[in-house]
Amino acid sequence: MSAYWLLALVPFIAGLAVTGHQARLAITEHLLRRTGRRVEGTVTGHIASREGTYAALHPVIRWVGEDGSEYERAVPDTIGAHALPEGSRVHLLCTPGSPDTVALDNLARYRSAVLGMWLGVLLWAGALTAVLIRIATLLPEPYRY
């Protein structure tokens with residue numbers, strides 16, 4: 001065996017990392033959907049934040065909680081500012097007793113997390129399969145399958 005076998009670790013470990021991260025996002029989103037309360041809010045503006053090398057606009061949303069108090073937070077999401085103009089009504093998911101954990105009621109986040117999780121599984125399983133096939137072809141003649 002040569003040192004090139006270590007290159008098979010790259011897609012294997014990357015696939016495991018992607019699978020773990022996306023599974024955590026999918027579980028978090030699932031729990032938020034099951035335990036969160038659905039409320040309706042209004043977009044009051046947009047705030048810019050720097051993510052990576054570009055500025056992103058996040059909607060600022062105002063809503064009334066279950067206790068009757070009014071909250072206003074910037075809600076980071078993948079939806080662009082052009083899709084949520086000021087004054088538009090949106091549906092939110094809020095965790096009771098914690099107004100900081102609020103997210104737009106958007107099923108696309110869960111779907112993309114599940115898709116990413118399965119792509120990670122394909123990546124590490126494909127790398128593992130390739131290594132196992134290569135090992136099976138390198139076995140001596142009496143031990144080959």
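Things worth noting here:
- Only a single criterion out of (1) open to solvent by less than 60 Å² (accessible area, probe 1.4 Å); (2) hydrophobic (A, V, I, L, M, F, W, C); (3) farther than 30 Å from Arg134 by Cβ is not satisfied by Ile27, namely (1).
- Tallying residues that are without any contact (Cβ under 8 Å) to a residue 12 or more places away in the chain and among the hydroxyl-bearing types (Ser, Thr, Tyr) within the range 101-111 yields 0.
- Among residues of the range 68-100 being open to solvent by 60 Å² or more (accessible area, probe 1.4 Å) and in a strand (DSSP E or B), the one that is modelled with the lowest pLDDT is Asp100.
- Every residue from the range 110-145 that is farther than 16 Å from Val10 by Cα and among the hydrophobic types (A, V, I, L, M, F, W, C): Ala113, Val114, Leu115, Met117, Trp118, Ile133, Ile135, Ala136, Leu138, Leu139
- For the range 57-67, the tally of residues that are loosely packed, with under 15 Cβ neighbours inside 10 Å and either at pLDDT 85 or above or not charged (D, E, K, R) (or both) stands at 2.
- Considering residues of the range 103-145 that are small (Gly, Ala, Ser), in contact with a helix residue (DSSP H, G or I) (Cβ under 8 Å, 6 or more places away or on another chain) and under 19 Å from Leu7 (Cα atoms) only, the residue modelled with the lowest pLDDT: Ala130
- Residues of the range 106-131 satisfying the condition of being more than 14 Å from His21 (Cβ to Cβ), of a type outside the set (S, T, N, Q) and either open to solvent by 100 Å² or more (accessible area, probe 1.4 Å) or not in a helix (DSSP H, G or I) (or both): Arg111, Leu122
- Whichever residue in the range 1-24 is open to solvent by 90 Å² or more (accessible area, probe 1.4 Å) and over 14 Å from Tyr110 (Cα atoms) and, among such residues, is modelled with the highest pLDDT: Ile13
The values are calculated or read from the model by the stated rules, or taken from the named source; none is laboratory data. All values reported here derive from a predicted model rather than from experimental measurement. Ideal geometry is used to build each Cβ from the backbone, glycine not excepted, and the neighbour counts take in all protein chains shown. Heavy atoms of the whole protein, side chains included, go into the accessibility calculation; ligands, DNA and RNA do not. Shrake-Rupley method; radii C 1.70, N 1.55, O 1.52, S 1.80 Å.
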